[in-house]
1. Provide Rg and Dmax in Å for the chain, with only Cα atoms included in the calculation.
2. Tell me which of Met71, Ser92, Gly58 sits at the most positive position along the dipole axis of the stretch 58-110, charges placed on C-beta atoms (Lys, Arg +1; Asp, Glu -1).
3. Using a probe radius of 1.4 Å on heavy atoms only, what accessible surface per residue do you get for the chain? Whole Å² is fine.
4. How far, in nm, would the chain grow between Val130 and Ser9 when pulled straight, counting 0.36 nm per residue and subtracting the alpha carbon separation?
5. Please give me the summed charge of the neighbours of Lys15: other residues whose Cβ is under 13 Å from its Cβ, Lys and Arg +1, Asp and Glu -1.
6. Taking only C-alpha pairs under 8 Å that are 6+ residues apart, what is the relative contact order of the chain in percent?
7. Tell me, what is the FRET efficiency for Arg89 and Lys17 to the nearest 0.05, using R0 = 30 angstrom and their Cβ-Cβ distance as r?
8. For the chain, what % of the accessible area comes from carbon and sulfur atoms, probe 1.4 Å?
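The values are calculated or read from the model by the stated rules, or taken from the named source; none is laboratory data. Predicted model, so just to flag it, every value in this text is computed and none were measured. Every residue, glycine as well, gets a Cβ built from its backbone with ideal geometry; the counts of neighbours run over all protein chains shown. The accessibility values were calculated without ligands, DNA or RNA, using every heavy atom of the protein model including side chains. Shrake-Rupley method; radii C 1.70, N 1.55, O 1.52, S 1.80 Å.
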Amino acid sequence: MIPELNSASIPEDGKAKVAETIERLSNAAYRAGPEDVIESARATAQWCLGVYLANRDGRPELRQKDIGELMPFLENTRFLKSLAQIFARLHSRTKPNEQERYETRPLSEGDAEYALAAVGMLLRELGWTV
């Protein structure tokens, strides 16, 4: 579900960690439960969006922001903002307190597959794929 990256299109200052987070996500997809896959997907999305925004806006500190803190910078790119919101919502469902508060069902393999597909879509939207 993770598309092949076009490394030439990824900003140099974040390229190594992009590859690292995607590798970690790929490993989790084959070895871990849904919660771990979703955690890895969120971390990948956060880093990719941070790198994208840092380079777009010339603000390297954006690479250090959490995904929720990046959303205001995505106002002009509504689709990317929607993807960021998906990762934030899925991530919150991995937490027992959030499960209790909102009476959500346990996460499933299907939810993990959705997170993987969303990472693929994010990478394509950023223009970082072959």
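1. Rg and Dmax of the chain, Cα atoms, are 14.3, 44 Å.
2. Checking the options against the dipole of the stretch 58-110, the answer is Gly58.
3. Numbers: 7170 Å² over 130 residues.
Averaged over the residues of the chain, the accessible area is 55 Å².
4. Working: separation 121, 0.36 × 121 = 43.56 nm, distance 0.92 nm.
Value of the extension gain: 42.6 nm.
5. Numbers: positive: Lys17, Arg63; negative: Glu12, Asp13, Glu20, Glu23.
Spelling it out: positives minus negatives among the neighbours equals -2.
6. On the way: 145 pairs, mean separation 50.1, N = 130.
It rounds to 39 percent for the chain.
7. Details: r = 24 Å, r/R0 = 0.80.
So, using R0 = 30 Å, E works out to roughly 0.80.
8. Values: 3400 of 7170 Å².
Looking at the chain in its full context, I get 47 percent from C and S.
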